[in-house]
């Protein structure tokens, strides 16, 4: 079984460091189950730390948090179905996104709900590209309290800053924010900043997460014997292997063959093909039953893990599933 060990205080410290660096207030992004870290648990901890505004992607995520009645604002990034707007009408602390004209019309049917309007400065995913259309809605709406955009990458962020400035010029918004962990140091506009990935730890922030399991079996392998499917690993000499009861069903990618895991502060290689529910580690005499096997942590960076399976830390965080969650402070 996989174990996710999450240090909540590390998340809080990462947020404070980002606020110090950017001189902006962080809006913690806790969509997609807080990037796999446990949305409700992270939310409750940060509410206790006096954070008042959080970002989620969907109606379902918002409802899960709103039902907790913790009296903080929940910003929903996505446009919603007309029926979903009506179902959320009973909550005073929901903030809707106006990503297109239809959103504005739907929100106007509700009882004075708060809204942020989104500018499409280059992502081409959601938001207004036409400044006249944007200005018309801002001038006629009485419930828009914030504006935001989303950045693409560090090669385009300065251009996006300039586009965003044109939209917010001479406007009076309480909340002005950009988002994108990897480019936050370039985001010069606004008094807030939305941050997802970096509050959990990467891009030189401390990682709050350790993904690990324990050794359930150790086997002696004779020279010439094979290990696992397709006999991918043939023992070049007598050796010992650890058998782990985790595999690609737990979100551990099959590309992890030859990736190095950490056992007792020493690196060991995964051998053979990753199975649905098992994998094999080539070990030495120092490794024992029930020793911890670490796939990534603050001492074994998620960036290295993600690069090995040819993806990003964003996806790597979200891929891990079927794990027991353990929280530390």
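The values are calculated or read from the model by the stated rules, or taken from the named source; none is laboratory data. If you're wondering where the values come from, they're calculated on a predicted model, not measured in any experiment. For neighbour counting, all protein chains shown are included, and Cβ atoms are generated from backbone atoms with ideal geometry for every residue, glycine included.
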How many residues, within the stretch 182-206, are modelled with pLDDT of 85 or more, in a loop (DSSP other than H, G, I, E, B) and under 24 Å from residue 328 (Cα atoms)?
3
Against the condition assigned to a loop (DSSP other than H, G, I, E, B) and either at pLDDT 95 or above or more than 30 Å from residue 48 (Cβ to Cβ) (or both), how does residue 115 come out, does it pass?
no
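Every residue, every condition in (1) surrounded by 19 or more Cβ atoms within 10 Å (Cβ to Cβ); (2) in contact (Cβ under 8 Å) with a residue 40 or more places away in the chain; (3) more than 21 Å from residue 220 (Cα to Cα), yes or no:
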residue	(1), (2), (3)
235	no, no, no
291	no, yes, no
315	no, no, yes
322	no, yes, yes
Check on residue 41, in contact with a helix residue (DSSP H, G or I) (Cβ under 9 Å, 6 or more places away or on another chain), more than 21 Å from residue 142 (Cα to Cα) and part of a strand (DSSP E or B):
no
Determine which member of the set 176, 223 is crowded, with 19+ Cβ neighbours inside 10 Å and free of Cβ contacts under 8 Å to residues at least 40 places away in the same chain.
176
Of the conditions (1) under 13 Å from residue 106 (Cα atoms); (2) surrounded by fewer than 20 Cβ atoms within 10 Å (Cβ to Cβ); (3) touching a helix residue (DSSP H, G or I) at 6+ places or on another chain (Cβ under 7 Å), the single one that residue 86 does not satisfy is (3)
Go through the stretch 213-329 and tell me which strands (runs of 3 or more DSSP E), entirely inside it, have 1 or more residues that are out of contact with any helix residue (DSSP H, G or I) (no Cβ under 6 Å at 6 or more places or on another chain), within 22 Å of residue 196 (Cβ to Cβ) and not assigned by TED's automatic domain parsing to the domain that holds residue 43.
292-296, 323-328
Of everything in the stretch 148-173, what is exposed (fewer than 14 other Cβ atoms within 10 Å of the Cβ) and outside any helix (DSSP H, G or I)? Give them in sequence order.
153, 154, 155, 169, 170, 172
Being in contact (Cβ under 8 Å) with a residue 40 or more places away in the chain, surrounded by fewer than 18 Cβ atoms within 10 Å (Cβ to Cβ) and under 18 Å from residue 323 (Cβ atoms): is that true of residue 245 here?
yes
Touching a strand residue (DSSP E or B) at 6+ places or on another chain (Cβ under 7 Å) and either more than 30 Å from residue 244 (Cβ to Cβ) or assigned to a loop (DSSP other than H, G, I, E, B) (or both) - does that describe any residue in the stretch 2-13?
no
